[in-house]
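To start, the structure under review is shown below, and the notes come after it.
The values are calculated or read from the model by the stated rules, or taken from the named source; none is laboratory data. Note that the structure is predicted; figures quoted are calculated from it, not measured. Cβ: placed from backbone, ideal geometry, glycine included. Neighbour counts: every protein chain shown. Side chains included, ligands, DNA and RNA excluded: accessible areas come from the protein's heavy atoms. Shrake-Rupley method; radii C 1.70, N 1.55, O 1.52, S 1.80 Å.
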Amino acid sequence: MYIVSSNEKENIIEEQPEVLSKPRVLLLNLSWFGLSLMFLLLSVEVVPAQIRSLVGEAAKGRWLGGMVAAGAAVTFFTSPLIGMRSDRLTLEAGKRRPVIVVGTIALCIGLMGMALSSSKISLPEIGIIKTGNSTEICYRDLIAHRCAPYWNNTMPKVEHTVLKGPQPASILLPEKKVQTDFIYTDEPSGNLALYIVFYLMVTLAFATITVPYNALIADKSHPSQRGFNSGVMGCMILLGNVSGAAVGTCFTDMGVLGAYGTAIGVVMISVCVTVFTTKERKGKPVTEPVDCFAIFCGFWQPLKEHDFRWVFITRFLMQQGVSTVTGFLEYWLADMIQLPNCWNSSRSVAMMLLPMLFAAAISSILFGVVSDRIGRRKPIVIGAAIIMFITTSVLIFIRGPSAYFIAIIMASCFGVGFGSFQSVDFALVMDVLPDERDKAKDIAVWHQALILPNALATPIGGIIVDYFESVNCEVGLGYIILLSVTSMYFLLSGIFVTRIRQAN
């Protein structure tokens, strides 16, 4: 058992964080806005489109999953080391901010490399056919679209059915069919090997920023403000996601270089604001050496604590579901849903994310305040899990010309659940941290519950989609299985949070 000496007790009292004003809490969490904008814009919009252009339509799921898994593995093994190094820094500028600055510089270099190694993409184009002044609807043969890569490894010409006049909600009355010249191209465009190298660099740099950044927020969080701080953090994350989705609506116009340039600019500004407006004390020397054995023990030690372990599992399952949804949403829309106004899947996913993320941002702040007032976290997590389970399950069954609009409604409800979970996510781990003396290391372990789903969700989803689509692409069996598995992630998350003892 570790016994706290009198000198250590004095240090703990001396380093008790002060109560921050609301503007200072906002500035402290502002970097999450830029990081989240970048993450959503790239992971949901840009990277899937680049992978499709680099490897072709039939192999997109496997390559995307494999690349994300490799990046997550890098983060998994380096995050504890980054956290331990941060805890041991004794620079005058502090022990968190210098690491954040180094990570931001590396991130910007990696993003520029990703942009230049695959600067051209080929998106599915759908032409709009006009027949006078009549109302027209663009209709695609989704079965042919889904099955062509498995029939002959090529994509067919996109078929449009022009529907004149008002149509019933669930009945299509085609007047004529027209073949267009717009097709998918499977010819590789860009340098795949170089792209993967820069992707791994970006992943490592992202961990170098977020691990000490989470610890910095923990260092500055007074116990009475944990719920509010967590709510503001969740709001910044979700507002960044909303902004990323908004930028994504212009992705086809601004191109790859424009998207990456926007991400780099926003990240640099938001991180600089947090770094230069937050004060840190000089870190105190830690004599314990950092070696491979210490890293291994340091990683597993917090998971021996009962409550920390169940917080980890709960967050892991929740993020496993979220990572699956965000990773395959664009592909699901392209392969399963009739898109309005002849939009491509890139624009459609951006328009779908906007109401979802607005709802999430509002519920994040609301439930963060509610959590502090009622002093309870678990009921909010359970409610969030139920909402996300139901909405994901509904997506399995929607079909027809109104499917996209039903999906938007479900996405908004999903956002309410996701935002409420985000509002208490950080507060929950703060309530059960096993070791106050080594916050960055323990939070780095907790952060693996966000990283590991990226290592598992996308590869598992890619295998599910590619295999089961080859079994029965006509009904979209791959996506049916994928959404069924995803809904179970959310349900199990709500069940397992009840095992946490210390949090209410």
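Could you run through region 178-227 and say how many residues are at pLDDT below 75, open to solvent by 40 Å² or more (accessible area, probe 1.4 Å) and assigned to a helix (DSSP H, G or I)? Qualifying residue count, region 178-227: 3.
Among the residues of region 377-392, some residue qualifies, meaning at least one is touching a residue at least 40 places away in the same chain (Cβ under 8 Å) and of a type in the set (D, E, K, R). Number of residues in region 339-355 that are within 17 Å of the chain's Cα centre (by Cα) and open to solvent by 20 Å² or more (accessible area, probe 1.4 Å): the value is 3. Under the condition of being without any contact (Cβ under 8 Å) to a residue 12 or more places away in the chain and touching an Asp or Glu at 6+ places or on another chain (Cβ under 8 Å), the residues counted in region 448-482 number 1.
Select from region 364-382 the residues that are at pLDDT 85 or above and open to solvent by less than 10 Å² (accessible area, probe 1.4 Å) and list them in ascending order.
First, the residues of region 364-382 that are at pLDDT 85 or above: 379-382.
Val381 - this is the single residue of region 364-382 that is at pLDDT 85 or above and open to solvent by less than 10 Å² (accessible area, probe 1.4 Å).
Those helices (runs of 4 or more DSSP H) of region 1-48 in which 1 or more residues are at pLDDT below 70 occupy 6-14. Taking into account only those residues within region 388-407 that are under 18 Å from the mean Cα position of the chain (by Cα) and not polar (S, T, N, Q), which is surrounded by the fewest Cβ atoms within 10 Å (Cβ to Cβ)? Restricting to residues being under 18 Å from the mean Cα position of the chain (by Cα) and not polar (S, T, N, Q), the top hit is Phe389.
Among residues of region 329-342 that are at negative phi, those with a beta-carbon under 9 Å from a residue that is in a helix (DSSP H, G or I) and acidic (Asp, Glu) at least six positions away or on a different chain give the pairs Glu330/Glu45; Asp335/Glu469.
Among the candidates Ser371, Ser346, Ser363, the residue that is of a type in the set (S, T, N, Q), in contact with an Asp or Glu (Cβ under 8 Å, 6 or more places away or on another chain), over 19 Å from Leu491 (Cβ atoms) and outside any loop (DSSP other than H, G, I, E, B) is uniquely Ser346. Would it be correct to say that Glu305 is under 30 Å from Phe496 (Cβ atoms), open to solvent by 40 Å² or more (accessible area, probe 1.4 Å), of a type in the set (Asp, Glu) and at pLDDT 75 or above? Yes: the conditions hold for Glu305. Show the residue pairs that are 6+ apart or on different chains and have beta-carbon atoms under 7 Å apart, the first residue being within region 105-127 and open to solvent by 10 Å² or more (accessible area, probe 1.4 Å), the second being at pLDDT below 90 and among the charged types (D, E, K, R). Correct list of pairs: Ile126/Arg140. Among the residues of region 313-338, just one is open to solvent by 10 Å² or more (accessible area, probe 1.4 Å) and part of a loop (DSSP other than H, G, I, E, B), namely Gln338. Scanning region 49-95 for residues that are open to solvent by 10 Å² or more (accessible area, probe 1.4 Å), within 26 Å of Val325 (Cβ to Cβ) and not in a helix (DSSP H, G or I) turns up Glu57, Ala58, Ala59. In region 248-264, the qualifying residues are those that are open to solvent by 30 Å² or more (accessible area, probe 1.4 Å) and part of a helix (DSSP H, G or I), and the one that is modelled with the lowest pLDDT is Thr252. State which residue is modelled with the highest pLDDT when the search covers only region 274-300 and only residues that are among the polar types (S, T, N, Q) and surrounded by fewer than 17 Cβ atoms within 10 Å (Cβ to Cβ). Looking at the filtered set, the residue picked out is Thr277. Do any residues in region 240-267 that are farther than 10 Å from Ala350 by Cα have Cβ atoms under 6 Å from those of residues that are open to solvent by 20 Å² or more (accessible area, probe 1.4 Å) and modelled with pLDDT of 85 or more, where the two are at least six apart or on different chains, and which pairs are they? Hits for this filter: Gly240/Phe33; Thr262/Val247. Within region 467-496, the residues that satisfy the criterion of being surrounded by 18 or more Cβ atoms within 10 Å (Cβ to Cβ) and assigned to a loop (DSSP other than H, G, I, E, B) are Cys473, Gly476.
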